[in-house]
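Data block below; observations after.
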Amino acid sequence: VVSAEAYDALDPSGNITIKWDVISWTPDGYVAVVTMYNFQQYRHIQAPGWTLGWTWAKKEVIWSMMGSQTTEQGDCSKYKGNTPHCCKKDPTVVDLLPGTPYNQQIANCCKGGVLNSWVQDPANAASSFQVSVGAAGTTNKTVRVPRNFTLKAPGPGYTCGPAKIVKPTKFITADKRRITQAMMTWNVTCTYSQFLAQKTPTCCVSLSSFYNNTIVNCPTCACGCQNNSTESGSCVSERSSHLASAVPGKSTNAPPLLQCTSHMCPVRIHWHVKLNYKEYWRVKITITNFNYALNYSQWNLVVQHPNFDNLTQLFSFMYKPLTPYAGLNDTAMLWGLKFYNDFLNEAGPLGNVQSELLFRKDASTFTFEKGWAFPRRIYFNGDNCVMPPPDAYPWLPNTGLKPVISLFQPVMTILASCVLLWANM
């Protein structure tokens, strides 16, 4: 049963669909192509990649695979001569790595299990492998669909529903002059829940503005607290002399290593209201990685703010509006430019990326009062980030901004008055 907690208001129809196409029959079973489609707009599967599991309905075995492999062979001792690839009742399948020999590949395979989001990189939002199944049915009426599908990406978070038999998939040949179809097709739908994925949040938001010296930091212990017995409490001081030996790759111990902060989040997004013009206003966004153990490749940000319908210019980030509700354009997806800043380095001097956004003002809605200039919600890589409480936002000074913004106008008015006075003397 799909968890109700998996519903995402900003991506209500997002899911990962696993499609099984039986493309031919064999003497004791069938050959199928299994394709995973990431229909989520902004959530992707990072390295070390996906792991797919299921339970066979009968006593099926896997004779061979292309484009992937099972992690264990299981007990195949009853087979003489040809030995199956896997005899486990509940096989676990992983993708092959880039660079796999061509005779072991099929289309859309061998990406190390990385599955990018549909909006950010549609060309790499699918992953396929081929499996030859034995000791199974050899007709549509005798084949039994597998049960209990599990998808790890690479940890928990996805809940998969039961396999449902659907209309056979149709395939168009390369010359587009002939259509073939699968012997049988079934689909499995998996949805994501942040509550299942991790016990604590993975990111937080801090705020600042040009009109107030206060910097509102991420809430204390937003992603866990220091000095407790849980994993979230382990951290390394930035000035620690043991930092070099503690970073994974330089030591045999390689747990997640966070820089010690008050919020203990792996990622912080800082929203700074930078400048105010007559018809525009400018925001600076900085994403900082506090994790010494992880680089974020193909990262993305989803930001909800009512002024995104008037976004005029964006620097060094890509942008696409997300409109989960018709007629409401207040949500933006942002990500880095390929080979430039789509790679967020681990904690350290290079562990941040930043951009500036220029918005046109709408006179009917624009204001700096009551925290309007700050985002309503921010996601990083599909996870909802912890926001500061609204009463902590940088407040607008009582004097307001109008005297500051229009300082030039009263000066010119006084000068004009002096000129007129002088002319009438």
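The values are calculated or read from the model by the stated rules, or taken from the named source; none is laboratory data. Quick caveat: nothing in here was measured; it's all calculated off a predicted structure. Don't worry about glycine lacking a Cβ; one is built from the backbone with ideal geometry, like all the others, and counts go over all protein chains shown. What goes into the accessible areas is simple: the full protein's heavy atoms, side chains included, and nothing from ligands, DNA or RNA. Shrake-Rupley method; radii C 1.70, N 1.55, O 1.52, S 1.80 Å.
Brief remarks on what is shown
- Within-13-Å neighbourhood charge of GLY49 [Cβ basis; K, R +1; D, E -1]: +1
- Based on DSSP H segments of at least four residues, each scored -39500 (n - 2.57), the chain has a per-residue ellipticity at 222 nm of -1500 deg cm²/dmol.
- Among ASN213, ASN310, ASN291: highest mean-square fluctuation, GNM of the chain, C-alpha pairs under 10 Å: ASN213
- Whole-Å distance, taken between Cα centres, linking segment 107-177 and segment 277-294: 38 Å
- Electrostatic tally near GLY161: other residues with Cβ closer than 14 Å to its Cβ, Lys and Arg +1, Asp and Glu -1, net +3.
- Between 0 and 90°, nearest 10: helix 408-423 axis offset from the chain longest Cα axis: 30 degrees
- Solvent accessible area, Å² - PHE210, 1.4 Å probe, full protein context: 80 Å²
- Normalised by the number of residues in segment 1-153, the average gap of Cα pairs under 8 Å and 6 or more apart makes the relative contact order 33 percent.
- Accessible heavy-atom area order of TRP395, TRP372, TRP20, highest first, probe of 1.4 Å: TRP395, TRP372, TRP20
- Ordered from largest to smallest accessible area (heavy atoms of protein chains, 1.4 Å probe), the residues ILE172, ILE23 come out as ILE172, ILE23.
- Computed accessible area, THR261, all protein chains, 1.4 angstrom probe, square angstrom: 20 Å²
- Here the label points at TYR7 and CYS260, each 7 Å from Cα along the C-beta direction, are separated by 4.3 nm in the simple model.
- Remark: the chain is approximated by an ellipsoid whose semi-axes, taken from the C-alpha gyration tensor as √(5λ), come to 53, 26, 18 Å, largest first.
- Net charge of Cβ neighbours under 10 Å - reference PRO321; Lys, Arg +1; Asp, Glu -1: -1
- Packing-based ranking, highest mean first, of 99-108, 271-280, 195-204 given that Cβ atoms within 10 Å are counted: 195-204, 271-280, 99-108
- The modelled label-to-label distance for the pair ASN82/LYS164, using points 7 Å beyond Cα in the direction of Cβ, is 3.5 nm.
- In loop segments of segment 288-394 as defined by DSSP, the trypsin sites (Lys or Arg not before Pro) with at most 15 further C-beta atoms inside 10 Å of their C-beta are LYS338, ARG376.
- Segment 117-192: C-alpha gyration tensor shape, a/c 1.5 cut-off, then a/b vs b/c: oblate
- Largest GNM mean-square fluctuation across THR26, THR180, THR55, computed for the chain with C-alpha springs under 10 Å, falls on THR180.
- Pairwise FRET efficiency - LYS338 versus THR71, Cβ, R0 = 41 Å, nearest 0.05: 0.80
- Length gained on full extension, TYR325 to ASN124: 69.7 nm, using 0.36 nm per residue less the C-alpha separation.
- Global form of segment 86-223, assessed from the alpha-carbon gyration tensor, a/c cut-off 1.5: prolate
- The modelled label-to-label distance for the pair ARG178/LEU97, using points 7 Å beyond Cα in the direction of Cβ, is 3.9 nm.
- Residues considered: ALA347, ALA136, ALA363. Largest GNM mean-square fluctuation over the chain, using C-alpha springs under 10 Å, is found at ALA363.
- Ranking of HIS263, HIS270, HIS85 by solvent-accessible surface, largest first: HIS85, HIS270, HIS263 (1.4 Å probe, protein heavy atoms only, all chains present).
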